[in-house]
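To start, the structure under review is shown below, and the notes come after it.
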């Protein structure tokens with residue numbers, strides 16, 4: 001783990017509020033790990049590392065001035081990482097069911113495992129992705145219903161808590177589901193204990209025990 | 001008194017058990033305060049534990065820690081050796097009752113030489129027992145201070161106190177009368193956030209705390225020049241640190257500022273070093 005800066009190579013608009021920020025420098029990491037990026041907000045914000053056109057990238061959904069600053073600033077980004085536990089994906093065929101705000105991570109997972117990808121977005125997506133994509137909740141629900149999840153050996157799920165719960169209810173085997181969890185995070189390194197979540201195995205910390213957790217331990 | 005150069009400290013809680021050492025330039029750090037260890041293990045509060053606005057952070061961690069026995073086991077096993085080899089270390093302790101504070105003082109007696117100071121946290125607002133409530137019974141609290149001083153006669157003792165319950169300078173007067181050398185001003189202040197219609201109580205920190213800390217430091221130093229004051233609350237940059245020193249602080253403690261940028265240690269540490277060279 002290091003405290004360092006990166007230069008942005010480009011920013012790709014994915015939907016009206018979501019962007020891929022591509023870095024000039026490669027950040028060595030394993031799938032599932034994240035970085036904490038300094039913004040205009042009071043605390044750094046966590047972003048899962050992913051890929052865009054073979055470069056290290058993150059997906060950023062603009063929620064306030066801090067995330068907007070990451071997308072629009074011309075300066076180098078200050079950050080620390082890589083953080084969190086990498087996940088070891090089981091063998092066999094997998095599927096990533098993610099919201100558009102997790103696109104960079106999904107692309108990386110697809111590149112590594114050749115998994116299928118199902119993308120959900122509340123807003124229209126700016127271009128065609130080489131994955132199954134659906135806009136609006138109703139279309140996403142239909143896609144979930146029409147997918148035979150028993151054909152898959154493992155699942156990666158990342159999005160809002162309600163979207164993740166919906167997907168978890170749909171898949172047949174939660175043990176082989178890997179769910180990326182979001183909770184307010186301040187340090188990202190296990191110091192402050194702020195990002196606690198309640199699991200069936202007691203309190204876990206998203207920054208050091210996760211950010212990706214097996215579906216069968218989530219409450 | 002505390003001899004640290006620069007007079008810059010990482011606050012208890014935010015700094016965990018030394019995790020930030022890998023992100024900061026240690027040359028500019030005077031001391032590192034460990035997370036508060038209580039007599040019994042604490043699992044901490046149920047989530048959510050943290051939320052923020054532009055000028056404040058609200059936390060309700062609840063002193064999650066392994067308890068004094070597990071802490072000492074880890075200390076004996078060398079788990080914290082890296083912290084000691086990199087910087088001066090301040091221990092922080094707490095309890096559910098005043099008796100537990102005294103028990104901790106007895107238990108840690110053989111270990112206190114390892115720390116440049118020992119802080120007792122009398123002001124955490126996020127626990128149902130102990131913490132802030134320990135100061136509400138003033139006579140019993142003062143007796144506890146006296147007992148701890150007697151158990152640890154040669155240790156640099158710091159009381160971490162808040163602003164709630166009484167005027168801070170009155171609490172400091174009790175600390176001083178009990179023979180303690182130092183106070184850490186302040187802890188977080190009780191606050192509340194509403195999430196999904198539910199009120200959630202926590203402790204307030206961040207830039208919003210600066211004027212409150214300044215006043216507490218000022219009122220304390222106006223009355224007591226001889227007590228060492230660690231200013232802790234709302235210090236985000238060199239200007240904030242300078243203002244705390246003008247108000248009378250002897251040392252600066254950083255908490256929430258680390259969450260924004262760990263490099264803040266180098267910036268403020270460098271400033272404090274320069275200031276001491278050209279007073």
Q | Burial ordering of B:198, B:263, A:80, A:65, fewest other beta-carbon atoms within 10 Å first | A | B:198, A:65, B:263, A:80
Q. In what sequence do A:16, B:178, B:123 fall when counting other Cβ within 10 Å, fewest first?
A. A:16, B:178, B:123
(Q) Only bridges whose two residues both fall in chain B count here: according to DSSP, what percent of them are antiparallel, nearest 5? (A) 35 percent
**Q.** Convex hull volume per residue in cubic angstrom - Cα atoms of segment B:155-279
**A.** 124 Å³
Q. Across the residues of A:200-208, average count of Cβ atoms on other protein chains within 10 Å?
A. 2
Q: As a check on your grasp of the helix formula, calculate [θ] at 222 nm for chain A: sum -39500 (n - 2.57) over DSSP H runs of n ≥ 4, divide by the residue count, round to the nearest 500.
A: -5500 deg cm²/dmol
Q.
If I build a Gaussian network model for chain B, linking alpha-carbon pairs within less than 10 angstrom, which residue out of B:47, B:207, B:125 has the largest mean-square fluctuation?
A. B:47
Q | Cα-only Debye scattering, segment A:2-83: base-10 log of I(q)/I(0) at q = 0.19, 0.21, 0.26 Å⁻¹ | A | -0.75, -0.94, -1.52
Q: For segment B:17-146, give the share of DSSP beta bridges that are antiparallel, in percent and rounded to the nearest 5; count only bridges with both residues there.
A: 30 percent
(Q) Taking 35 Å as R0, compute the FRET efficiency from the Cβ-Cβ separation of residue A:13 and residue A:219 and round it to 0.05. (A) 0.45
Q. Where in segment A:56-98 does the label zone of residue A:132 land, with the point 7 angstrom along Cα→C-beta and an amide N cut-off under 13 Å?
A. A:94-98
Q. Going by the alpha-carbon gyration tensor, a ≥ b ≥ c the square roots of its eigenvalues, is segment B:1-112 rounded (a/c under 1.5) or, if a/c is not under 1.5, prolate (a/b greater than b/c) versus oblate?
A. oblate
Q. Debye sum, Cα scatterers, the protein assembly as shown, no solvent: what log₁₀ I/I(0) at q = 0.07, 0.11 1/Å?
A. -0.41, -0.92
Q) Rounded if a/c is under 1.5, else prolate if a/b beats b/c, else oblate: with a ≥ b ≥ c from the C-alpha gyration tensor eigenvalues square-rooted, which is segment A:120-205? A) oblate
Q) Distance from the Cα centre of segment B:162-229 to that of segment A:158-219, in angstrom? A) 35 Å
Q | Pairwise FRET efficiency - residue B:139 versus residue B:196, Cβ, R0 = 30 Å, nearest 0.05 | A | 0.10
Q. Can you give the average number of partner chain beta-carbon atoms within 10 Å of each beta-carbon in peptide B:21-30, as a whole number?
A. 2
Q. Just from its helices, what would the mean residue ellipticity at 222 nm be for chain B, if runs of 4 or more DSSP H residues each count -39500 (n - 2.57) and the sum is divided by every residue, rounded to the nearest 500 deg cm²/dmol?
A. -10000 deg cm²/dmol
Q: Let me see the pair-distance distribution of chain B: every alpha carbon pair, 10 Å bin width, integer percents in order.
A: 7, 32, 39, 20, 2, 0
Q: Taking every pair of alpha-carbon atoms in chain A, give the share separated by more than 32 Å as a whole percent.
A: 12 percent
(Q) Which one, B:65, B:196, B:76, has the greatest fluctuation when you compute a Gaussian network model over chain B with C-alpha springs under 10 angstrom? (A) B:196
Q: Take each of the peptides B:25-35, A:137-147, B:130-140, average the number of other beta-carbon atoms within 10 Å over its residues, and list them starting from the highest.
A: B:25-35, B:130-140, A:137-147
Q) Within chain A, what percent of beta bridges assigned by DSSP are antiparallel, to the nearest 5? A) 65 percent
Q) What whole number of Å gives the distance from the Cα centroid of segment B:1-51 to the Cα centroid of segment A:94-128? A) 39 Å
Q: Quantify how strongly other chains surround peptide B:45-53 by giving the mean number of their Cβ atoms within 10 Å of each of its Cβ atoms.
A: 6
**Q.** Expected-Rg normalisation [2.2 N^0.38 Å, Cα atoms] applied to segment B:137-219
**A.** 1.31
(Q) Relative contact order of chain A, please, whole-number percent, based on alpha carbon pairs below 8 angstrom and at least 6 residues apart. (A) 19 percent
Q.
Suppose the Debye formula is applied to equal point scatterers at every Cα of segment A:50-107; what is log10 I(q)/I(0) at q = 0.15, 0.16 Å⁻¹?
A. -0.61, -0.69
Q: Using a 10 angstrom cutoff on alpha carbons, build the Gaussian network for chain B and name the most mobile of B:234, B:191, B:78.
A: B:78
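Read-outs throughout are calculated quantities, based only on the coordinates presented, and are distinct from any laboratory measurement. In this text the structure is predicted, and so the values were computed from the model without any measurement. Counting neighbours? That spans all protein chains shown, and the Cβs are built from the backbone with ideal geometry, glycine included.
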